[in-house]
(Lines give C-alpha, C1' and ligand atoms only; values in the text may rest on other atoms or scores of the structure.)
Protein backbone atom coordinates (compact mmCIF):
# COMPACT_ATOMS: atom_id res chain seq x y z
CA UNK A 1 0.00 0.00 0.00
CA UNK A 2 2.83 2.36 0.86
CA UNK A 3 4.44 1.65 -2.52
CA UNK A 4 1.25 2.64 -4.35
CA UNK A 5 0.83 5.82 -2.28
CA UNK A 6 4.42 6.79 -3.15
CA UNK A 7 3.74 6.16 -6.83
CA UNK A 8 0.58 8.27 -6.69
CA UNK A 9 2.58 10.99 -4.98
CA UNK A 10 5.12 11.00 -7.82
CA UNK A 11 2.34 11.07 -10.40
CA UNK A 12 0.63 13.97 -8.62
CA UNK A 13 3.93 15.86 -8.32
CA UNK A 14 4.73 15.44 -12.03
CA UNK A 15 1.23 16.53 -13.07
CA UNK A 16 1.35 19.61 -10.86
CA UNK A 17 4.86 20.51 -11.99
CA UNK A 18 3.94 20.13 -15.64
CA UNK A 19 0.57 21.89 -15.56
CA UNK A 20 1.58 24.85 -13.44
CA UNK A 21 3.72 26.15 -16.32
CA UNK A 22 1.62 28.30 -18.64
CA UNK A 23 3.80 27.52 -21.67
CA UNK A 24 3.50 23.79 -21.06
CA UNK A 25 -0.29 24.03 -20.73
CA UNK A 26 -0.43 25.84 -24.07
CA UNK A 27 1.73 23.21 -25.78
CA UNK A 28 -0.30 20.34 -24.29
CA UNK A 29 -3.83 21.60 -24.87
CA UNK A 30 -4.08 24.65 -27.13
CA UNK A 31 -1.51 23.67 -29.78
CA UNK A 32 -3.06 20.25 -30.63
CA UNK A 33 -6.52 21.79 -30.98
CA UNK A 34 -5.16 24.49 -33.31
CA UNK A 35 -3.29 21.94 -35.41
CA UNK A 36 -6.27 19.59 -35.64
CA UNK A 37 -8.57 22.38 -36.78
CA UNK A 38 -6.09 23.77 -39.27
CA UNK A 39 -5.04 20.44 -40.78
CA UNK A 40 -8.59 19.14 -40.95
CA UNK A 41 -9.61 22.20 -42.92
CA UNK A 42 -6.62 22.61 -45.18
CA UNK A 43 -5.24 19.15 -45.97
CA UNK A 44 -6.65 16.75 -48.51
CA UNK A 45 -5.16 13.88 -50.53
CA UNK A 46 -7.51 14.56 -53.46
CA UNK A 47 -5.60 15.99 -56.41
CA UNK A 48 -7.13 19.23 -57.71
CA UNK A 49 -6.11 22.52 -59.31
CA UNK A 50 -3.88 20.84 -61.91
CA UNK A 51 -2.66 23.41 -64.43
CA UNK A 52 -3.78 22.13 -67.84
CA UNK A 53 -2.88 23.51 -71.27
CA UNK A 54 -3.99 22.40 -74.72
CA UNK A 55 -2.38 22.90 -78.14
CA UNK A 56 -4.99 24.03 -80.66
CA UNK A 57 -3.45 23.71 -84.13
CA UNK A 58 -6.87 23.93 -85.75
CA UNK A 59 -9.53 26.45 -84.73
CA UNK A 60 -12.24 24.00 -85.86
CA UNK A 61 -11.07 21.27 -83.49
CA UNK A 62 -14.36 21.26 -81.56
CA UNK A 63 -13.92 17.90 -79.81
CA UNK A 64 -10.57 18.97 -78.35
CA UNK A 65 -12.09 22.26 -77.21
CA UNK A 66 -14.89 20.36 -75.48
CA UNK A 67 -12.35 18.09 -73.77
CA UNK A 68 -10.49 21.14 -72.44
CA UNK A 69 -13.67 22.92 -71.31
CA UNK A 70 -14.97 19.80 -69.57
CA UNK A 71 -11.62 19.34 -67.86
CA UNK A 72 -11.74 22.88 -66.47
CA UNK A 73 -15.40 22.49 -65.49
CA UNK A 74 -14.59 19.31 -63.57
CA UNK A 75 -12.77 21.43 -60.91
CA UNK A 76 -9.83 19.04 -61.09
CA UNK A 77 -8.03 21.27 -63.57
CA UNK A 78 -7.39 24.99 -63.90
CA UNK A 79 -6.17 26.84 -67.01
CA UNK A 80 -2.41 27.04 -67.32
CA UNK A 81 -1.24 30.61 -67.76
CA UNK A 82 1.97 30.78 -69.72
CA UNK A 83 3.77 32.46 -72.57
CA UNK A 84 5.44 29.40 -74.10
CA UNK A 85 4.10 28.03 -77.40
CA UNK A 86 6.06 24.79 -77.30
CA UNK A 87 4.18 22.20 -75.17
CA UNK A 88 7.40 20.66 -73.85
CA UNK A 89 8.69 24.08 -72.77
CA UNK A 90 5.41 24.72 -70.94
CA UNK A 91 6.28 21.79 -68.66
CA UNK A 92 9.98 22.65 -68.38
CA UNK A 93 9.28 26.29 -67.46
CA UNK A 94 6.73 25.14 -64.84
CA UNK A 95 3.89 26.99 -66.57
CA UNK A 96 1.74 23.85 -66.83
CA UNK A 97 1.44 20.49 -65.06
CA UNK A 98 -0.08 18.75 -68.09
CA UNK A 99 -0.44 19.56 -71.80
CA UNK A 100 -2.75 17.92 -74.36
CA UNK A 101 -1.18 17.71 -77.83
CA UNK A 102 -3.42 16.70 -80.80
CA UNK A 103 -2.16 15.10 -84.03
CA UNK A 104 -1.47 17.31 -87.09
CA UNK A 105 -4.70 18.59 -88.58
CA UNK A 106 -6.58 18.39 -85.29
CA UNK A 107 -8.10 15.77 -83.04
CA UNK A 108 -11.60 16.01 -84.54
CA UNK A 109 -10.40 15.18 -88.07
CA UNK A 110 -8.28 12.33 -86.74
CA UNK A 111 -11.37 10.88 -85.09
CA UNK A 112 -13.13 10.94 -88.47
CA UNK A 113 -10.23 9.05 -90.03
CA UNK A 114 -10.34 6.46 -87.25
CA UNK A 115 -6.70 6.88 -86.19
CA UNK A 116 -6.98 9.52 -83.48
CA UNK A 117 -3.91 9.92 -81.30
CA UNK A 118 -3.94 12.39 -78.42
CA UNK A 119 -0.67 12.94 -76.61
CA UNK A 120 -0.52 13.97 -72.97
CA UNK A 121 2.63 15.54 -71.54
CA UNK A 122 2.74 15.20 -67.75
CA UNK A 123 5.16 16.59 -65.17
CA UNK A 124 5.74 13.54 -62.96
CA UNK A 125 8.05 15.17 -60.42
CA UNK A 126 4.97 14.82 -58.20
CA UNK A 127 3.97 11.18 -58.71
CA UNK A 128 0.62 11.42 -56.92
CA UNK A 129 -0.48 14.30 -59.14
CA UNK A 130 0.83 12.68 -62.34
CA UNK A 131 -1.09 9.45 -61.73
CA UNK A 132 -4.28 11.39 -61.08
CA UNK A 133 -3.89 13.50 -64.25
CA UNK A 134 -3.80 10.46 -66.51
CA UNK A 135 -6.84 8.87 -64.88
CA UNK A 136 -8.89 12.09 -64.90
CA UNK A 137 -8.18 12.91 -68.54
CA UNK A 138 -8.77 9.41 -69.85
CA UNK A 139 -12.27 9.45 -68.38
CA UNK A 140 -12.98 12.98 -69.66
CA UNK A 141 -11.72 12.20 -73.19
CA UNK A 142 -13.75 9.02 -73.45
CA UNK A 143 -16.94 10.68 -72.19
CA UNK A 144 -16.53 13.75 -74.41
CA UNK A 145 -15.99 11.72 -77.57
CA UNK A 146 -19.03 9.58 -76.76
CA UNK A 147 -21.21 12.65 -76.25
CA UNK A 148 -19.92 14.63 -79.25
CA UNK A 149 -19.87 11.78 -81.77
CA UNK A 150 -22.72 9.77 -80.21
CA UNK A 151 -20.50 6.72 -80.06
CA UNK A 152 -21.59 4.21 -77.47
CA UNK A 153 -19.93 0.94 -78.46
CA UNK A 154 -16.39 0.60 -77.08
CA UNK A 155 -13.59 0.61 -77.89
CA UNK A 156 -13.41 4.17 -79.19
CA UNK A 157 -11.00 4.92 -82.05
CA UNK A 158 -8.55 6.73 -79.76
CA UNK A 159 -4.97 6.03 -78.81
CA UNK A 160 -4.21 7.97 -75.65
CA UNK A 161 -0.43 8.43 -75.57
CA UNK A 162 0.99 9.55 -72.24
CA UNK A 163 4.49 11.00 -72.14
CA UNK A 164 5.69 11.21 -68.56
CA UNK A 165 8.44 13.73 -67.87
CA UNK A 166 11.13 13.71 -65.12
CA UNK A 167 9.92 10.42 -63.58
CA UNK A 168 8.99 8.02 -66.41
CA UNK A 169 8.67 4.98 -64.14
CA UNK A 170 6.29 6.91 -61.84
CA UNK A 171 8.26 5.75 -58.77
CA UNK A 172 7.03 7.35 -55.56
CA UNK A 173 10.48 7.14 -53.97
CA UNK A 174 11.95 9.52 -56.55
CA UNK A 175 9.45 12.17 -55.46
CA UNK A 176 9.54 11.36 -51.73
CA UNK A 177 13.29 11.00 -51.12
CA UNK A 178 14.17 14.70 -51.65
CA UNK A 179 11.54 15.54 -49.05
CA UNK A 180 13.03 13.00 -46.64
CA UNK A 181 16.42 14.67 -47.10
CA UNK A 182 14.82 17.94 -46.04
CA UNK A 183 13.26 16.35 -42.96
CA UNK A 184 16.58 14.78 -41.92
CA UNK A 185 18.38 18.09 -42.39
CA UNK A 186 15.72 19.80 -40.30
CA UNK A 187 16.05 17.26 -37.49
CA UNK A 188 19.83 17.49 -37.43
CA UNK A 189 19.87 21.28 -37.29
CA UNK A 190 16.77 22.81 -35.71
CA UNK A 191 16.00 20.13 -33.11
CA UNK A 192 19.60 19.58 -32.01
CA UNK A 193 20.24 23.33 -31.75
CA UNK A 194 17.03 23.79 -29.81
CA UNK A 195 17.72 21.03 -27.28
CA UNK A 196 21.40 21.96 -26.86
CA UNK A 197 20.64 25.56 -25.89
CA UNK A 198 17.73 24.64 -23.63
CA UNK A 199 19.85 21.99 -21.92
CA UNK A 200 22.42 24.68 -21.04
CA UNK A 201 19.65 26.92 -19.72
CA UNK A 202 18.11 24.12 -17.67
CA UNK A 203 21.46 23.22 -16.09
CA UNK A 204 22.19 26.86 -15.31
CA UNK A 205 25.39 26.95 -17.38
CA UNK A 206 24.08 29.22 -20.14
CA UNK A 207 24.09 32.25 -17.83
CA UNK A 208 27.69 31.40 -16.94
CA UNK A 209 28.59 31.40 -20.64
CA UNK A 210 26.85 34.73 -21.16
CA UNK A 211 28.73 36.27 -18.20
CA UNK A 212 32.09 35.05 -19.55
CA UNK A 213 34.41 37.61 -21.22
CA UNK A 214 33.06 36.87 -24.71
CA UNK A 215 30.32 38.52 -26.69
CA UNK A 216 26.81 37.10 -26.57
CA UNK A 217 26.82 36.68 -30.33
CA UNK A 218 29.97 34.54 -30.06
CA UNK A 219 28.24 32.32 -27.51
CA UNK A 220 25.16 31.89 -29.68
CA UNK A 221 27.18 31.21 -32.82
CA UNK A 222 29.37 28.77 -30.89
CA UNK A 223 26.27 26.82 -29.85
CA UNK A 224 24.69 26.79 -33.33
CA UNK A 225 27.42 26.59 -35.97
CA UNK A 226 28.50 23.05 -34.94
CA UNK A 227 25.02 21.73 -35.71
CA UNK A 228 24.99 23.60 -39.01
CA UNK A 229 28.27 21.90 -39.88
CA UNK A 230 26.91 18.50 -38.80
CA UNK A 231 23.80 18.98 -40.91
CA UNK A 232 25.77 19.95 -44.01
CA UNK A 233 28.23 17.11 -43.41
CA UNK A 234 25.30 14.69 -43.52
CA UNK A 235 24.13 16.05 -46.89
CA UNK A 236 26.63 14.15 -49.11
CA UNK A 237 25.69 10.89 -47.38
CA UNK A 238 21.97 11.59 -47.91
CA UNK A 239 22.52 12.36 -51.59
CA UNK A 240 24.62 9.23 -52.02
CA UNK A 241 21.87 7.07 -50.50
CA UNK A 242 19.26 8.75 -52.71
CA UNK A 243 21.33 8.17 -55.84
CA UNK A 244 22.56 4.62 -55.14
CA UNK A 245 19.72 3.05 -53.17
CA UNK A 246 16.67 4.82 -54.62
CA UNK A 247 18.10 5.76 -58.04
CA UNK A 248 17.03 9.39 -57.74
CA UNK A 249 18.49 11.22 -60.75
CA UNK A 250 20.72 14.27 -60.43
CA UNK A 251 20.01 16.36 -63.51
CA UNK A 252 21.02 19.71 -62.04
CA UNK A 253 24.08 21.16 -60.40
CA UNK A 254 25.50 19.84 -57.13
CA UNK A 255 26.56 23.41 -56.36
CA UNK A 256 22.97 24.63 -56.65
CA UNK A 257 21.78 21.82 -54.38
CA UNK A 258 24.51 22.63 -51.84
CA UNK A 259 23.54 26.34 -51.84
CA UNK A 260 19.86 25.45 -51.39
CA UNK A 261 20.70 23.03 -48.56
CA UNK A 262 22.91 25.60 -46.84
CA UNK A 263 20.13 28.19 -46.99
CA UNK A 264 17.65 25.68 -45.58
CA UNK A 265 20.04 24.56 -42.81
CA UNK A 266 20.72 28.19 -41.80
CA UNK A 267 16.97 28.79 -41.59
CA UNK A 268 16.45 25.64 -39.51
CA UNK A 269 19.25 26.54 -37.08
CA UNK A 270 17.96 30.10 -36.72
CA UNK A 271 14.45 28.78 -36.02
CA UNK A 272 15.88 26.42 -33.40
CA UNK A 273 17.58 29.32 -31.62
CA UNK A 274 14.40 31.39 -31.77
CA UNK A 275 12.22 28.60 -30.37
CA UNK A 276 14.74 27.96 -27.57
CA UNK A 277 14.20 31.50 -26.24
CA UNK A 278 10.63 30.51 -25.33
CA UNK A 279 11.53 27.24 -23.58
CA UNK A 280 12.83 26.71 -20.05
CA UNK A 281 13.25 22.93 -19.98
CA UNK A 282 14.17 20.15 -22.36
CA UNK A 283 10.67 18.74 -22.04
CA UNK A 284 9.25 22.02 -23.30
CA UNK A 285 11.81 22.11 -26.12
CA UNK A 286 10.85 18.62 -27.34
CA UNK A 287 7.15 19.48 -27.37
CA UNK A 288 7.81 22.84 -29.01
CA UNK A 289 9.99 21.15 -31.63
CA UNK A 290 7.20 18.70 -32.48
CA UNK A 291 4.68 21.53 -32.51
CA UNK A 292 6.69 23.28 -35.23
CA UNK A 293 7.94 20.26 -37.20
CA UNK A 294 4.51 18.68 -37.65
CA UNK A 295 2.86 21.67 -39.39
CA UNK A 296 6.04 22.40 -41.36
CA UNK A 297 5.87 18.85 -42.75
CA UNK A 298 2.12 18.95 -43.38
CA UNK A 299 2.19 22.24 -45.30
CA UNK A 300 5.34 21.44 -47.28
CA UNK A 301 3.58 19.40 -49.95
CA UNK A 302 5.48 16.30 -48.75
CA UNK A 303 2.31 14.35 -47.92
CA UNK A 304 -0.52 16.47 -49.34
CA UNK A 305 -0.45 18.54 -52.55
CA UNK A 306 -0.38 22.26 -51.77
CA UNK A 307 -2.74 22.88 -54.69
CA UNK A 308 -5.48 20.96 -52.83
CA UNK A 309 -5.63 23.45 -49.98
CA UNK A 310 -8.38 26.06 -49.90
CA UNK A 311 -7.37 29.42 -51.35
CA UNK A 312 -7.70 31.02 -47.90
CA UNK A 313 -4.72 29.05 -46.53
CA UNK A 314 -2.59 28.53 -49.65
CA UNK A 315 -0.33 31.35 -48.47
CA UNK A 316 0.82 29.27 -45.47
CA UNK A 317 3.28 27.06 -47.42
CA UNK A 318 5.08 30.23 -48.54
CA UNK A 319 6.17 30.62 -44.89
CA UNK A 320 7.30 26.99 -44.68
CA UNK A 321 11.04 26.47 -45.27
CA UNK A 322 10.53 22.75 -46.04
CA UNK A 323 8.12 23.71 -48.84
CA UNK A 324 10.82 25.84 -50.48
CA UNK A 325 13.55 23.23 -49.95
CA UNK A 326 11.41 20.41 -51.35
CA UNK A 327 10.64 22.52 -54.41
CA UNK A 328 14.34 23.28 -54.84
CA UNK A 329 15.42 19.66 -54.35
CA UNK A 330 12.87 18.34 -56.85
CA UNK A 331 13.63 21.12 -59.34
CA UNK A 332 17.40 20.59 -59.18
CA UNK A 333 17.52 16.79 -58.95
CA UNK A 334 14.58 15.84 -61.19
CA UNK A 335 14.09 18.75 -63.59
CA UNK A 336 17.65 19.96 -64.03
CA UNK A 337 17.27 23.22 -62.10
CA UNK A 338 15.79 26.42 -63.48
CA UNK A 339 17.95 29.44 -62.70
CA UNK A 340 15.06 31.75 -61.89
CA UNK A 341 13.32 29.21 -59.65
CA UNK A 342 16.51 28.22 -57.79
CA UNK A 343 17.63 31.80 -57.18
CA UNK A 344 14.18 32.92 -56.06
CA UNK A 345 13.53 30.16 -53.53
CA UNK A 346 17.11 30.05 -52.23
CA UNK A 347 16.90 33.79 -51.60
CA UNK A 348 13.62 33.29 -49.72
CA UNK A 349 15.28 30.71 -47.45
CA UNK A 350 18.23 33.01 -46.71
CA UNK A 351 15.77 35.84 -45.97
CA UNK A 352 13.91 33.56 -43.53
CA UNK A 353 17.24 32.76 -41.86
CA UNK A 354 18.16 36.43 -41.48
CA UNK A 355 14.76 37.34 -40.01
CA UNK A 356 14.93 34.41 -37.57
CA UNK A 357 18.46 35.33 -36.46
CA UNK A 358 17.50 38.96 -35.84
CA UNK A 359 14.44 37.87 -33.89
CA UNK A 360 16.55 35.41 -31.87
CA UNK A 361 19.09 38.03 -30.85
CA UNK A 362 16.32 40.38 -29.83
CA UNK A 363 14.64 37.68 -27.75
CA UNK A 364 17.94 36.77 -26.06
CA UNK A 365 18.60 40.38 -25.10
CA UNK A 366 15.06 40.63 -23.70
CA UNK A 367 15.14 37.40 -21.71
CA UNK A 368 18.61 37.96 -20.24
CA UNK A 369 17.96 41.50 -19.06
Give the range 242-286 a look and list any residue that's surrounded by fewer than 18 Cβ atoms within 10 Å (Cβ to Cβ) and in contact with a helix residue (DSSP H, G or I) (Cβ under 6 Å, 6 or more places away or on another chain), or say none. 246, 250, 281, 282
Against the conditions (1) modelled with pLDDT of 80 or more; (2) exposed (fewer than 13 other Cβ atoms within 10 Å of the Cβ); (3) over 20 Å from residue 138 (Cα atoms), where does residue 59 fall short? Just the number, please. (1)
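Listed here are the residues, each with its yes/no results for (1) under 10 Å from residue 300 (Cα atoms); (2) part of a helix (DSSP H, G or I); (3) under 12 Å from the mean Cα position of the chain (by Cα).
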residue	(1), (2), (3)
322	yes, yes, yes
329	no, yes, yes
342	no, yes, no
346	no, yes, no
352	no, yes, no
355	no, yes, no
Do we have residue 224 as at pLDDT below 80, assigned to a helix (DSSP H, G or I), in the same structural domain as residue 358 (by TED's automatic domain parsing) and touching a helix residue (DSSP H, G or I) at 6+ places or on another chain (Cβ under 8 Å) here? yes
Is the range 155-165 home to any residue that is within 22 Å of the chain's Cα centre (by Cα) and modelled with pLDDT of 80 or more? no
Pull out all pairs, ordered by first then second residue, where Cβ-Cβ is under 6 Å, the residues are six or more apart or on different chains, the first lies in the range 139-151 and is closer than 12 Å to residue 111 by Cβ, and the second is at pLDDT below 80. 145/156
Among the listed residues 31, 73, identify the single one that is closer than 28 Å to residue 311 by Cβ, modelled with pLDDT under 75 and out of contact with any strand residue (DSSP E or B) (no Cβ under 6 Å at 6 or more places or on another chain). 31
The residue that is farthest from the chain's Cα centre (by Cα), considering only those in the range 76-86 that are surrounded by 13 or more Cβ atoms within 10 Å (Cβ to Cβ) and modelled with pLDDT under 85, is 84
Out of the residues in the range 110-141 that are within 23 Å of residue 86 (Cα to Cα) and in a loop (DSSP other than H, G, I, E, B), which is nearest to the chain's Cα centre (by Cα)? 126
Any idea how many residues of the range 313-336 are in contact (Cβ under 8 Å) with a residue 24 or more places away in the chain and crowded, with 19+ Cβ neighbours inside 10 Å? 16
Which condition from (1) within 14 Å of residue 268 (Cα to Cα); (2) surrounded by fewer than 17 Cβ atoms within 10 Å (Cβ to Cβ); (3) within 13 Å of the chain's Cα centre (by Cα) is the one that residue 290 breaks? (3)
Give the residue, chosen from 255, 194, that is at pLDDT 80 or above, assigned by TED's automatic domain parsing to the domain that holds residue 331, part of a helix (DSSP H, G or I) and farther than 22 Å from residue 358 by Cα. 255
Failed item in (1) in contact with a helix residue (DSSP H, G or I) (Cβ under 8 Å, 6 or more places away or on another chain); (2) modelled with pLDDT of 80 or more; (3) surrounded by fewer than 15 Cβ atoms within 10 Å (Cβ to Cβ), with residue 233 passing the rest: (1)
So residue 304, is it touching a residue at least 12 places away in the same chain (Cβ under 8 Å), assigned by TED's automatic domain parsing to the domain that holds residue 355 and either under 16 Å from residue 264 (Cα atoms) or outside any loop (DSSP other than H, G, I, E, B) (or both): no
Considering (1) farther than 19 Å from residue 93 by Cα; (2) buried (at least 16 other Cβ atoms within 10 Å of the Cβ), say which one residue 345 fails and leave the rest. (1)
Scan the range 96-116 for residues that are modelled with pLDDT under 85, surrounded by 15 or more Cβ atoms within 10 Å (Cβ to Cβ) and touching a helix residue (DSSP H, G or I) at 6+ places or on another chain (Cβ under 9 Å) and report the count. 6
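The values are calculated or read from the model by the stated rules, or taken from the named source; none is laboratory data. From a predicted model like this one, the values you see are computed outputs, not experimental measurements. Quick reminder, even Gly has a Cβ in these numbers, built from the backbone with ideal geometry, and neighbours come from all protein chains shown.
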